[in-house]
1. Suppose we keep only residues that are within 27 Å of the chain's Cα centre (by Cα), modelled with pLDDT under 90 and exposed (fewer than 13 other Cβ atoms within 10 Å of the Cβ) within segment 167-207. Which one would you say is farthest from Ser224 (Cα to Cα)?
2. State all residues of segment 105-134 that are touching a residue at least 24 places away in the same chain (Cβ under 8 Å) and not hydrophobic (A, V, I, L, M, F, W, C); if no residue qualifies, say none.
3. Residue by residue through segment 252-288, note down the ones that are in a strand (DSSP E or B) and either hydroxyl-bearing (Ser, Thr, Tyr) or open to solvent by 30 Å² or more (accessible area, probe 1.4 Å) (or both).
4. Out of the residues in segment 297-319 meeting the condition of being among the hydrophobic types (A, V, I, L, M, F, W, C) and open to solvent by less than 30 Å² (accessible area, probe 1.4 Å), tell me which one is nearest to the chain's Cα centre (by Cα).
5. Can you tell which of Glu229, Glu273, Glu278, Glu247 is farther than 23 Å from Ala354 by Cβ and either at pLDDT 95 or above or within 23 Å of the chain's Cα centre (by Cα) (or both)?
6. Give the residue, chosen from Ala64, Ala70, Ala111, that is part of a helix (DSSP H, G or I), surrounded by fewer than 16 Cβ atoms within 10 Å (Cβ to Cβ) and of a type in the set (Gly, Ala, Ser).
7. When residues of segment 33-49 are filtered for being closer than 15 Å to Cys126 by Cβ, open to solvent by 20 Å² or more (accessible area, probe 1.4 Å) and either aromatic (Phe, Trp, Tyr) or assigned to a strand (DSSP E or B) (or both), how many remain?
8. Please state which one of Ala375, Ala326 is in a helix (DSSP H, G or I) and not charged (D, E, K, R).
Amino acid sequence: MNDLAPDLRTRFVTGMSYAACTVNVITTGGKAGRAGVTVSAMSSVSADGEGPTLLVCVHHKSLAAEKIAANGTFCVNVLRDDQSYVSDTFAGRFKDEIQDKFDCTTWEDCAGGAPRMADALVAFDCKLQSSQQIGTHHIFIGEVQDIHATRAGSPLIYANRAYGASSQIEGTSTLKLAAETSTAKVTVGCFQTFGPFMIPQLLNDAADLNVKLIEGDHRRIRESLASGESEVALLYDMALGEGLTTELLTSLEPYVLLPEGHALAEQREVSPEDLADEPLILLDVDPSRDYFTGLMTDAGVIPKVAHRTSSLEMVRAMVGHGMGYALLATKPASPMSYDGKALVTRPLAGAPKASGIVLAHRTGRRLSPAAERFAEICRTRLKG
């Protein structure tokens, strides 16, 4: 019997890999500190009794197991199908890139003290009712104290050692129509500021493809590539890290954005020295913040940052109201802010380094025909 045990274990693990499960991040917080871990072993126990109960299984070597027991509280965050990067972060796949796992998304505090994802598909705030260790895992049974649901999106599914998404059950006529009109699917990541100026035309060119779009800053898009959430992505050619293969498509020249009537708007170009005493409205996203401040420090000027914002249009609006200047690379066609303030653009003097835009994919990953098709569309549209 003992001779069969290793083989039985292997067959058990292989067999269970075919069982589809939701992907959940279990978090805890309190006097023992906070911790979190990704698990697929989560199930309801009962909706009746003094309160609803559920269970989660956490490996005994996980720091989260020790802290759940000490804090007496935990939160089950059920992930949406576009949040695999959160799963991978709490599974430890980005430990070299992200020092604190909790930096990967936004959190709020449950009444019991555990951190709750602000945008989880659903989150269950639980009080620890009982626990038991069986083999290598703790089984924690929690009494549900509160439930937070976004009521939008589909759950992230894990099966056969891969992520997936659920699909709604349709009638036979709908299924027939879908089969007749089905198109090749590809998921594309894109940096959030220049995306609106490139993606719509690319989608028009790729009308024969079913393109799912993921937008965010560089960290979000890099993580989507690393986890397999995105096949290809459009990014700036800076701070990319390892593991990505890139191809330069085009580049954007940095420029100075000024309010209409500003004294420097009379010049043909503006140097970093001209801006030394001016307040800077900084586009505070990765990697833009370091790129733009670096343009100034490379010229020996320490920028005076007056305001920071992650929104390109908020930057333009603040400049329009005379609150400072901005350094940008993406240049909207309209010289007006959202609220109708006139803006002026001037080249940044001194031959500053341009921002290269690259098509990126995970090194060693063979692209699907749909991804190859989208890549060729990008080359034709952006390199031409």
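The values are calculated or read from the model by the stated rules, or taken from the named source; none is laboratory data. Just so it is clear, the model here is predicted, and its values are computed rather than measured. Cβ sites come from the backbone with ideal geometry, for glycine too, and all protein chains shown count toward neighbours. Heavy atoms of the whole protein, side chains included, go into the accessibility calculation; ligands, DNA and RNA do not. Shrake-Rupley method; radii C 1.70, N 1.55, O 1.52, S 1.80 Å.
1. Looking at residues that are within 27 Å of the chain's Cα centre (by Cα), modelled with pLDDT under 90 and exposed (fewer than 13 other Cβ atoms within 10 Å of the Cβ), I get Gln168.
2. Across segment 105-134, the qualifying residues are Asp109, Gly112, Gly113, Pro115, Arg116, Asp119, Asp125, Lys127, Gln129, Ser131, Gln133.
3. Residues of segment 252-288 in a strand (DSSP E or B): 252, 255-259, 270, 279-283.
The answer is Leu252, Tyr255, Pro279.
4. Kept after step one, since they are among the hydrophobic types (A, V, I, L, M, F, W, C), are these residues of segment 297-319: 299, 301-302, 305-306, 312, 314-315, 317-319.
Next, from what is left, pick out any that are open to solvent by less than 30 Å² (accessible area, probe 1.4 Å): 301, 312, 315, 317, 319.
Numbers: Val301: 33, Leu312: 18, Val315: 22, Ala317: 26, Val319: 28 Å.
Of everything passing the filter in segment 297-319, Leu312 is nearest to the chain's Cα centre (by Cα).
5. Glu229
6. Numbers: Ala64 fails: surrounded by fewer than 16 Cβ atoms within 10 Å (Cβ to Cβ); Ala111 fails: part of a helix (DSSP H, G or I).
After ruling out the rest, the residue left standing is Ala70.
7. Selection size over segment 33-49: 6.
8. On the way: Ala326 fails: in a helix (DSSP H, G or I).
Checking each option against the conditions leaves just Ala375.
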